[in-house]
Amino acid sequence: MVLEWLNGLIDLPWWAYILVTLLLTHVTIASVTIFLHRHQAHRSLDLHPLASHFFRFWLWLTTAQVTKEWAAIHRKHHAKCETAEDPHSPQIFGIKKVFFEGWELYRAEAANTETLQKYGHGTPDDWLERHLYSKRALWGPTLMALLDLMLFGVNGIWIWAIQMLWIPITAAGVINGIGHYWGYRNFECEDASTNIVPWGILIGGEELHNNHHTFGTSAKLSYKWFEFDIGWLYIRALAACRLATVRKIAPKVKLAQVRPVLDEAALQAIIANRYAIAANYARTLMVTVSAELDSLKTSATMPALNINLRKKMKTWLKQDDKDLPLAEQMHLQALLAQSAVLNQVYQMRQELTRIWERSTLTRDELVLQLQDWCVRAEASGIKALADFSLRLRAVA
């Protein structure tokens, strides 16, 4: 009898316990990314009450997570990203602090009633939330511990411990920390977010953090053809079962016939796809930029800059000038002063930013400015710039 209790109701080989643990923690990750993140915080999809309540119940069991707190803190993170008011930016607190103490930063912000009042709107407020999930949050992990012990015996102790540590490590540490510190960037959005790896499996697709910060209300976190978001796979499966309805995904650049004269529809399409267009501008002009950099190497007046100029120029052409650090602005200006071609390529890129960010001008005025930009690009004598302008005229 004692041995049966130690083994629990389910006796498994050692490798099966590992698989069970991975499965249980993955359900928790899926619940966080689908329910808390994409559904609650960003409203990028609607969930059927059956699916919604399953996720709430599972998160109560495995994280003691209060939905309003999570949604409010995450919304504030987006609103105040990389500033002193960001609840968990490694650019502010340092990567070591966020990676190892991210959960403490989260708990400190959860105690801020102003954050909850300002950013916690629209989250569940039914009887179960008020009397169980929020009020008795710690009952969930306690019940989970009892279930693990009953099912897996003494092995349930370490299974439960991993379940409890999974979200503080992967979400609070890896995503909030590494996801704003190290990785690759498809888009030069206003913050430091990165895609940690292109295959979002272990953390439910949240690895694609730069994509998410660029298109915050998209239910799909993958963007390029080689990227994979397993959370999106689950959402599509839920949608097929009529348990989820996708509200929004990131726009994709579509090309139609080249317009000789731009109109308001073209302007709207360009504004909607501005981040992708900025990235395409950098790719299109890099051959010209690389050739110009090669020619400058032999110039006696070329400043000695201890940086990878090709890599930096590709980033600078994606970014808005207001987002460049001061040290990089100085490097950039020193470089542009040596080349009329580089200066024109860079300034034309910044003019695009001013067109799609000018809220004080009327639509007709912005269309005229965009048309003038295309005319000047096509008459610039820089083939890559002219080719990009023709593609811009074809954006639909």
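The values are calculated or read from the model by the stated rules, or taken from the named source; none is laboratory data. As the structure is a prediction and not an experimental result, all values here were calculated from the model. Virtual Cβ from ideal backbone geometry, glycine too; neighbours counted across all protein chains shown. Each accessible area value is taken on the protein alone, full model and side chains, heavy atoms only, with ligands, DNA and RNA left out. Shrake-Rupley method; radii C 1.70, N 1.55, O 1.52, S 1.80 Å.
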- request: Among residues belonging to the range 353-363 that are open to solvent by 70 Å² or more (accessible area, probe 1.4 Å) and assigned to a loop (DSSP other than H, G, I, E, B), point out the one that is farthest from residue 189 (Cα to Cα).
  value: 362
- request: Please work out if residue 20 is modelled with pLDDT of 95 or more, of a type in the set (A, V, I, L, M) and crowded, with 20+ Cβ neighbours inside 10 Å.
  value: no
statement: Subset of the range 10-65, residues within 17 Å of the chain's Cα centre (by Cα), part of a loop (DSSP other than H, G, I, E, B) and within 20 Å of residue 139 (Cβ to Cβ), comes to none
query: Within the set of pairs 6 or more residues apart or between chains, which connect a residue that is without any contact (Cβ under 8 Å) to a residue 40 or more places away in the chain and farther than 19 Å from residue 106 by Cβ inside the range 175-202 to a residue that is of a type in the set (Phe, Trp, Tyr) and part of a loop (DSSP other than H, G, I, E, B) with Cβ atoms less than 6 Å apart?
result: 198/226
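Yes/no per residue for (1) under 30 Å from residue 278 (Cα atoms); (2) touching a strand residue (DSSP E or B) at 6+ places or on another chain (Cβ under 7 Å); (3) among the aromatic types (Phe, Trp, Tyr):
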site	(1), (2), (3)
158	no, no, yes
169	no, no, no
175	yes, no, no
184	yes, yes, yes
191	yes, no, no
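Matching residues to (1) modelled with pLDDT of 95 or more; (2) not in a helix (DSSP H, G or I):
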| position | (1), (2) |
| --- | --- |
| 315 | no, no |
| 327 | no, no |
| 330 | no, no |
| 333 | no, no |
| 338 | no, yes |
| 373 | yes, no |
task: Kindly indicate whether residue 251 is more than 25 Å from residue 26 (Cβ to Cβ), free of Cβ contacts under 8 Å to residues at least 40 places away in the same chain and under 15 Å from the mean Cα position of the chain (by Cα).
output: yes
- line: So, first residue open to solvent by 10 Å² or more (accessible area, probe 1.4 Å) in the range 272-284, second residue at pLDDT 95 or above and part of a helix (DSSP H, G or I), Cβ within less than 6 Å, six or more apart or across chains; the pairs are 275/214; 284/384; 284/388
message: Any residue at all in the range 337-352 that's open to solvent by less than 30 Å² (accessible area, probe 1.4 Å), in contact (Cβ under 8 Å) with a residue 12 or more places away in the chain, in contact with a helix residue (DSSP H, G or I) (Cβ under 8 Å, 6 or more places away or on another chain) and of a type in the set (S, T, N, Q)?
response: yes
- line: Counting only residues in the range 69-103 that are in contact with a Lys or Arg (Cβ under 9 Å, 6 or more places away or on another chain) and free of Cβ contacts under 8 Å to residues at least 12 places away in the same chain, the one least open to solvent (accessible area, probe 1.4 Å) is identified as 86
task: Select, from 217, 245, the only residue that is of a type outside the set (A, V, I, L, M), in contact (Cβ under 8 Å) with a residue 40 or more places away in the chain and assigned to a strand (DSSP E or B).
output: 245
- prompt: In the range 207-219, which residues are crowded, with 24+ Cβ neighbours inside 10 Å, within 22 Å of residue 47 (Cβ to Cβ) and not polar (S, T, N, Q)?
  reply: 208, 212, 219
